[in-house]
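The values are calculated or read from the model by the stated rules, or taken from the named source; none is laboratory data. Predicted model only: the values in this text are computed from it and were never measured. Neighbour counts are summed over all protein chains in view; Cβ atoms, including those assigned to glycine, are modelled from backbone coordinates with ideal geometry. Surface areas here come from the heavy atoms of the whole protein model, side chains and all, with no ligands, DNA or RNA. Shrake-Rupley method; radii C 1.70, N 1.55, O 1.52, S 1.80 Å.
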Amino acid sequence: MTGLTRRQLLLATCAAAGTLATPWLSRRVLAASKPVVAALFCGHIDDNGFMQAGYQGFKKAMDQLALSGHYKDQVANETQAQIAALRELATHYKPDLLIAHGGQNTDAALAVAKEFPDIRLVITQGAVTASNLSSYDVRQEESAWLAGAYAALMTKTGVVAHQSGIRVPPGLRARASYAAGVKHANPEVKLLTNFSGNQDDIELAARVTHAQAKAGADIIYTMLNKGRSGTTQACRELGIKQIGNVIDWVAREPDVFIGSAWADVGIGVFQACKDLSENKFESGKIFKVGLQQPDAVRLIMAPDTPDVVRQRIAALQQDILSGKIEVEAEFNGPEFQI
């Protein structure tokens, strides 16, 4: 394809089969001088969770900024598959910026950054750098800490739970923070924490929920993607409550959700694109956003939350912001098995 013009190459690429998506190609053809961004979303961009939030940040950037965008989704959460997907995006589009959404891509992003030293890379919810790689990290562990405190203050049984799927660094940090929040608010509350191994298995999530409820949990904090619907339906059947993450689940399903640890992880994607478009992007840096930016990170509570609980949560948030409380990143307690 060495004889093809850049325009012809783009059109040929668009026609290729596969899960590569190029919804903004027409802009690229019409304005070839625009910087090119390519993004990888390992899961489903309609999962009502982490991947969808990242995709929405990407779409917002393409809609609002002078950029051309391409993406690939539905890639397995396995390092070699991620490397192959990132390599495909890098080779097809030769982007000015390549984004890997989610800390599960850490090893793959580091490998591809070394393989393509002339391409700038970003990993969202990451904590690694290289000469051409930066991390944009929305500190979801801060809202997770508040969610733990909230669960401990709201439980009636004295037992609360946590559910997630794969053990990626952001999820592990958020679990540790949730556990720390529970303990800080009420050391007598028991925590059941489980990583099932799958973010999208609806039936598996329902089984975990039934097991945790049987063990006494009346509030479950979930960090799942498509699997969350299994937990939600099981909670509805069992008459127990849930705290969500990433988006406002209280508004979406108020009969089940009493809270949501809002963490707009799409902001990391958008900000990286914005920095590129404004010629402010820096490689080798870690950029963090937390509770100090409430449009990115905050705890959402149900309207009927008692005032005394709201006041306690507000005070704890101020303690985090002032540095009086340090949000923990490691958990050494027991795991709940089904």
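Out of 324, 288, one residue alone is farther than 24 Å from residue 113 by Cβ and among the basic types (Lys, Arg). It is 324. Among the residues making up the range 120-135, those that are in a strand (DSSP E or B), of a type outside the set (Val, Ile, Thr), in contact with a helix residue (DSSP H, G or I) (Cβ under 7 Å, 6 or more places away or on another chain) and open to solvent by less than 10 Å² (accessible area, probe 1.4 Å) are 121, 133. Checking each residue in the range 133-148 for being modelled with pLDDT of 95 or more and hydrophobic (A, V, I, L, M, F, W, C) picks out 133, 144, 145, 146, 147. Among the residues making up the range 195-214, a single one is open to solvent by 10 Å² or more (accessible area, probe 1.4 Å) and in contact with a strand residue (DSSP E or B) (Cβ under 6 Å, 6 or more places away or on another chain): 195. Those helices (runs of 4 or more DSSP H) of the range 220-338 in which at least 3 residues are small (Gly, Ala, Ser) and touching a residue at least 12 places away in the same chain (Cβ under 8 Å), considering only elements entirely within it, cover 228-238, 266-277. Among residues of the range 202-213 that are charged (D, E, K, R), those with a beta-carbon under 9 Å from a residue that is open to solvent by 10 Å² or more (accessible area, probe 1.4 Å) and at pLDDT below 95 at least six positions away or on a different chain give the pairs 207/338. Residue-level analysis places residue 173 outside the set of residues that are open to solvent by 50 Å² or more (accessible area, probe 1.4 Å) and either touching a residue at least 60 places away in the same chain (Cβ under 8 Å) or closer than 26 Å to residue 47 by Cα (or both). Reported count of residues in the range 233-251, each being closer than 16 Å to residue 147 by Cβ and not aliphatic (A, V, I, L, M), is 7. Residues that are small (Gly, Ala, Ser), open to solvent by less than 10 Å² (accessible area, probe 1.4 Å) and out of contact with any Leu (no Cβ under 7 Å at 6 or more places or on another chain) do not occur anywhere in the range 216-223. Name the residues in the range 33-65 that are closer than 14 Å to residue 96 by Cβ, out of contact with any helix residue (DSSP H, G or I) (no Cβ under 6 Å at 6 or more places or on another chain) and open to solvent by 10 Å² or more (accessible area, probe 1.4 Å), would you? Answer for the range 33-65, where residues must be closer than 14 Å to residue 96 by Cβ, out of contact with any helix residue (DSSP H, G or I) (no Cβ under 6 Å at 6 or more places or on another chain) and open to solvent by 10 Å² or more (accessible area, probe 1.4 Å): 33, 34.
Results for (1) without any contact (Cβ under 8 Å) to a residue 12 or more places away in the chain; (2) surrounded by fewer than 16 Cβ atoms within 10 Å (Cβ to Cβ); (3) within 16 Å of residue 51 (Cβ to Cβ), shown as yes or no for each residue.
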{"position": "78", "(1), (2), (3)": "yes, yes, yes"}
{"position": "90", "(1), (2), (3)": "no, no, no"}
{"position": "102", "(1), (2), (3)": "no, no, yes"}
{"position": "114", "(1), (2), (3)": "no, yes, no"}
{"position": "118", "(1), (2), (3)": "no, yes, no"}
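Just one of the numbered conditions (1) closer than 17 Å to residue 270 by Cβ; (2) assigned to a helix (DSSP H, G or I); (3) open to solvent by less than 60 Å² (accessible area, probe 1.4 Å); (4) not hydrophobic (A, V, I, L, M, F, W, C) is not true of residue 82: (1).
Within the range 291-316, being of a type in the set (Gly, Ala, Ser) and modelled with pLDDT of 95 or more holds for 302, 314, 315. Yes or no: residue 159 β-branched (Val, Ile, Thr) and touching a Ser or Thr at 6+ places or on another chain (Cβ under 8 Å)? No. Looking at this structure, is residue 109 outside any strand (DSSP E or B), open to solvent by less than 10 Å² (accessible area, probe 1.4 Å) and in contact with a Lys or Arg (Cβ under 9 Å, 6 or more places away or on another chain)? Spelling it out, it is not the case that residue 109 is outside any strand (DSSP E or B), open to solvent by less than 10 Å² (accessible area, probe 1.4 Å) and in contact with a Lys or Arg (Cβ under 9 Å, 6 or more places away or on another chain). Reported count of residues in the range 138-188, each being more than 23 Å from residue 200 (Cα to Cα), part of a helix (DSSP H, G or I) and among the charged types (D, E, K, R), is 2.
The residue list 250, 265 contains one member that is under 24 Å from residue 182 (Cβ atoms) and open to solvent by 10 Å² or more (accessible area, probe 1.4 Å), which is 250.
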